[in-house]
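Have a look at the structure below, then the notes.
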Amino acid sequence: TQACLTAIDAADALNAFVHKTPEVAKSQAEAADARLKAGDTPDLCGIPLGIKDLFCTKGVPSQAASGILAGFKPEYESTVTSQLFDAGAVMLGKLNMDEFAMGSSNETSVYGDAVNPWKVDDRKLTPGGSSGGSAAAVAADLCLGATGTDTGGSIRQPAAFTGITGIKPTYGRVSRWGVVAFASSLDQAGPMTKTVRDSAIMLRAMSGFDPKDSTSANIPVPDFEAALTGDIRGKVIGIPKEYRMDGMPAEIAKLWEDGTAMLRDAGADIRDISLPHTKYALPAYYVIAPAEASSNLARYDGVRFGHRAKLDKGDGITEMYEKTRAEGFGAEVQRRVMVGTYVLSAGFYDAYYNRARKVRALIKRDFDEVFAAGVDAILTPATPSAAFGLGEMADADPIKMYLNDVFTVTVNLAGLPGIAVPTGTDASGLPLGLQLIGRPWEEGDLLNVAYSLE
Ligand code: GLN
């Protein structure tokens, strides 16, 4: 813990930690030490972690990297963080992210950009988003693991951009209670770590049924670490042809081929598969996610949480809402609220929101059919490129930024587990990752396939 606290202080340039909690860390580390001395050895005893700012941590600022939650200190602890603490983990501080987890580059944060510890010459690169601070902190060894959340790729894309591992579990595996909501039917928390084994250990501590989350599944949590046998002989790995996008960079195509060859060499049975509705996933996601966000973010009204605008004489409640939300939300969040409100409006509900829901059902069916035909896991690239430069995409058209999520959003729409593992580099030496998609509730199997790629 002390080594991490020192490293964090020396790494302010990465802007990964937005709120340091050395006092909490010291007292938790002492408590872990006392547990060890008493012969109690929980899985994460004394392990220093960073916590994404989206998680509510009792008495500690939890702002979802938004101005609208300025000064918000929750009265309660999220289920995930309380389970991690029960398992002996130590919190080093809160990690940077895109505002309300909306973004793919950590550039929408009220705290400013997080910076990728990897660089080429002097070009500052994004660590990805939305869990950019988590990825940067783990990659730079500021903590031994971090929590992330993934609504459309926010664990897997930053993991791939920083050369670490991150898993988005099956929807319902990890409680959403106390995690600031973005798009509730897609949001899932998961671990971001240096190795697959660390992810397996941390995921077990984060998982489990929680009566406080109505979508939490009452399904036993297996020992994910015990699943890491390294033996994948006979496993059927699907290679979906629809993920071979037009204009895929040669280095991404090669990464994918190399990963396929590694799995084949390890004894897996490689099969070409088709997921025909893949091309509709991104548009469906960018209707459903903003729709749910516009509803979830209605609670930030200047009354209950954080920021309230200064009002002029004669202002009423409408002016208070408008001014507070105009000041408190950044541009990307406002764009999502507007898009979401539009697609849910009476005149457009059927044309956009309802159609996107139908597309979502078809995407899920594509996966169901492939798994029913005997496929155990699906291998794809995690991202269309290596980490890009800060400022390079944010200044362009937002659609360009959204295209980053092309390989990851299908997994959230279908509620499946997905993992990103670092398996190679681009020509300039930047990390690249592959994604594996698994059957629901079979994270152990998925982690084991990922383990054989590591
Ligand atoms: N980049 C996607 C978005 O901006 C996904 C974000 C996430 O998974 N939280 O919506």
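Values in this text are rule-based calculations from the coordinates and carry no lab data. Just so it is clear, the model here is predicted, and its values are computed rather than measured. Cβ: placed from backbone, ideal geometry, glycine included. Neighbour counts: every protein chain shown.
Cβ-Cβ below 6 Å, separation at least six or inter-chain, first residue in the range 271-286 and in a strand (DSSP E or B), second away from the ligand (no atom under 16 Å from the Cβ) and not aromatic (Phe, Trp, Tyr): which pairs?
Every condition considered, the pairs that remain are ARG271/VAL236; ARG271/GLY238; ASP272/ILE239; ILE273/GLY238; ILE273/PRO240; ILE273/VAL370.
Residue-by-condition table, conditions (1) under 18 Å from LEU436 (Cβ atoms); (2) under 16 Å from the mean Cα position of the chain (by Cα); (3) of a type in the set (A, V, I, L, M); (4) away from the ligand (no atom under 13 Å from the Cβ):
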position	(1), (2), (3), (4)
PHE161	yes, yes, no, no
ARG173	yes, yes, no, yes
GLY178	no, yes, no, yes
THR193	yes, yes, no, yes
MET202	yes, yes, yes, yes
GLY208	no, no, no, yes
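Just give me the residues in the range 304-344 being under 21 Å from ALA64 (Cβ atoms), away from the ligand (no atom under 16 Å from the Cβ) and without any contact (Cβ under 8 Å) to a residue 12 or more places away in the chain, in sequence order.
Within the range 304-344, ARG304, GLU322 meet the criteria.
Just one of the numbered conditions (1) among the β-branched types (Val, Ile, Thr); (2) under 30 Å from ALA65 (Cβ atoms); (3) touching a helix residue (DSSP H, G or I) at 6+ places or on another chain (Cβ under 7 Å); (4) surrounded by fewer than 19 Cβ atoms within 10 Å (Cβ to Cβ) is not true of ILE270; which one?
With respect to (1) among the β-branched types (Val, Ile, Thr); (2) under 30 Å from ALA65 (Cβ atoms); (3) touching a helix residue (DSSP H, G or I) at 6+ places or on another chain (Cβ under 7 Å); (4) surrounded by fewer than 19 Cβ atoms within 10 Å (Cβ to Cβ), ILE270 is out only on (2).
For the subset of the range 62-82 comprising residues that are within 23 Å of ARG35 (Cα to Cα) and not charged (D, E, K, R), which member is surrounded by the fewest Cβ atoms within 10 Å (Cβ to Cβ)?
Within the range 62-82, the match that is surrounded by the fewest Cβ atoms within 10 Å (Cβ to Cβ) is SER82.
Please identify the pairs in which a residue from the range 1-14 that is of a type in the set (Gly, Ala, Ser) has its Cβ atom under 7 Å from the Cβ atom of a residue that is in a loop (DSSP other than H, G, I, E, B), counting only partners at least 6 apart or on another chain.
As it stands, the answer is ALA7/ASP141; ALA7/LEU142; ALA11/ALA140; ALA11/LEU142; ALA13/VAL115, since those pairs meet every condition given.
Please report, ordered by residue number, the helices (runs of 4 or more DSSP H) entirely within the range 353-454 with at least 3 residues that are within 16 Å of the chain's Cα centre (by Cα) and either over 29 Å from GLY230 (Cβ atoms) or within 16 Å of the ligand (Cβ to nearest atom) (or both).
Qualifying helices (runs of 4 or more DSSP H): 409-414.
Before we move on, is LYS26 more than 26 Å from ALA326 (Cα to Cα), in contact (Cβ under 8 Å) with a residue 12 or more places away in the chain and more than 24 Å from the chain's Cα centre (by Cα)?
So LYS26 fits the description; yes.
Quick check on the range 83-138: of everything there that is at positive phi and more than 16 Å from the ligand (Cβ to nearest atom), which residue is surrounded by the fewest Cβ atoms within 10 Å (Cβ to Cβ)?
ASP121
When the residues of the range 139-179 are filtered to those that are under 17 Å from GLU443 (Cβ atoms) and β-branched (Val, Ile, Thr), which remaining residue is surrounded by the fewest Cβ atoms within 10 Å (Cβ to Cβ)?
Only one residue tops the list, namely THR170.
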